[in-house]
Every structure is written in C-alpha cells, then in structure tokens.
Amino acid sequence: MDFRTTLSTQGYGQTRQTTQQTHQPQQESGAGDAFAEAIENFTSTVQQGERMSHTALTTGADPHALVTALAQTELAVETAVTVRDKVVEAYQEILRMPV
C-alpha cells in the first residue's frame, strides 16, 4: 500500500468531517463567503505545514506529525491547483461561446 495515499486519505477524512460540521444549514451565506472560508482553510493548512517543518528542522519534533502535516499540505495544494485548472477551463469555455 502506498504511504502517501494512506496519509492523503486520512487527511481527506479529517477535512471532510470538519467541513460537514461547519456547513450545517445556517442563514443564507453567499458563494463569496464559502470561497473566503476555503481560502482561509487552505492558508491555515499551508501555514501549519510550514510551522511543523520549521519546528522539525530546529528542534527535532515528532517525525510522524511532520509527515502528517506535509501530507495535508500537499493535499491542500493539489486541491487548489485542481480548482484553479477547472476555473481556467470554464473561463476558456466561456470565451469560446458565440456572442
């Protein structure tokens, strides 16, 4: 079994549980609010990975925690790249539409 796949699956499961808990029916929130929340989550995940890397390099922190944080960061970056690609693809499709 691939180690990266296992860590990615665990990170996805944790993120999925968190998002399901925070996205309970509330008052109507716009797409802008959801996008802002997604950006904040992405930023905090990347910052956590950077902090853990810095801590591991300077103080020799737990290697398991480092690998987990880096796997979550990798998953977040891959997700952001996929979303960006889909947005660019949709934009290009709009440009191809006849006026």
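Proximity of backbone amide H atoms, modeled 1.01 Å from N, is registered between residue 61 and 56 at under 5 Å, excluding neighbours fewer than 5 places apart on the same chain. The residues packed around residue 90, meaning those with a beta-carbon under 12 Å from its beta-carbon, carry a net charge of 0 if Lys and Arg are +1 and Asp and Glu are -1. Using θ = phi - 60° in the Karplus curve 6.51 cos²θ - 1.76 cosθ + 1.60, the 3J(HN,Hα) couplings for segment 36-49 round to 4, 5, 5, 5, 5, 5, 4, 4, 5, 5, 5, 5, 5, x Hz; x is entered for Gly and Pro.
Compared with the alpha-carbon gap, the fully stretched path from residue 54 to residue 84 is longer by 8.0 nm at 0.36 nm per residue.
Every number in this text was worked out from the coordinates using simple rules, so none of it is lab data. What you see is a predicted model, and the numbers here were worked out from it, not measured in a lab. As a convention, Cβ positions derive from the backbone with ideal geometry for all residues, glycine included, and neighbour counts pool all protein chains shown.
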